[in-house]
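Reading through the structure tokens given below for one structure.
Taken together, the values in this text are just the output of simple stated rules run on the coordinates, not laboratory data. Just so we're clear, the structure is a prediction, and the values are computed from it rather than from any experiment. Note that each Cβ is placed from the backbone with ideal geometry, even for glycine, and that neighbours are counted across all protein chains shown.
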Amino acid sequence: LFSTRAGSMTLTEAREKAQVFSQLLLGGKDPKLHLEQQEIEQKKIDAESKSLGTIDELFHSYTERMKIDGKRTYEDVRNTLVREFYPYIDKNTKACDVTTDDIKYVISKMIQRGAITQSNRVRSYVMAAFNHGMR
């Protein structure tokens with residue numbers, strides 16, 4: 001029995017790829033250059049998607065909404081969130097990857113240093129920011 005897999009491509013996939021390359025050659029294009037351009041485009045897309053939805057963007061979006069709504073404390077809220085979270089959670093972390101345990105950890109650090117009232121405020125800010133992000 002022969003396996004239809006050679007490496008990571010089936011015979012059907014290889015034929016399809018050969019057909020694409022054949023069309024490129026008939027159109028006067030270099031298949032190698034075409035693949036390099038596709039790879040560059042994919043890297044751009046990956047970089048853009050990696051930067052979308054970060055916790056930094058979430059905090060910024062939330063505080064911008066506060067500003068638009070006429071809340072005078074938007075700068076204080078932003079500065080507080082940045083000051084309390086970024087030492088423990090990288091600002092480029094996707095917001096969807098932040099867990100309740102991460103938030104509990106930040107709040108517990110605040111409580112340990114005696115900032116109980118401020119920890120309640122920060123908990124409220126974070127909850128509001130994530131609720132804002134889900135809209």
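Observations, loosely collected:
- Distance violations [Cα-Cα > 30 Å] among 43/109; 44/91; 43/91: 43/109
- Loop-exposed chymotrypsin sites (Phe, Trp or Tyr not before Pro) per DSSP, neighbour cap 11 Cβ within 10 angstrom, longest uninterrupted part of the chain: 3-87
- The candidate values are (1) 51, 38, 35; (2) 65, 27, 26; (3) 69, 41, 24; the one derived from this structure for Cα extents along the principal axes in Å carries the label (3).
- Distances between placed amide hydrogens fall under 5 Å for residue 54 paired with 95, all partners being 5 or more residues away or on another chain.
- Over the chain, dividing the summed -39,500 (n - 2.57) contributions of all DSSP H runs of at least 4 residues by the number of residues returns a 222 nm mean residue ellipticity of -23500 deg cm²/dmol.
- The aspartates and glutamates whose alpha-carbon is closer than 20 Å to the alpha-carbon of residue 32, local same-chain residues fewer than 8 away aside, are 13, 16, 41.
- Set of aspartates and glutamates with alpha-carbon distance to residue 94 below 14 Å, sequence-local pairs under 8 removed: 46, 48, 56, 57, 102
- Overall form of region 55-134 per C-alpha gyration tensor (a/c, 1.5; a/b vs b/c): oblate
- For region 35-112 and region 121-135, distance of Cα centres in Å: 12 Å
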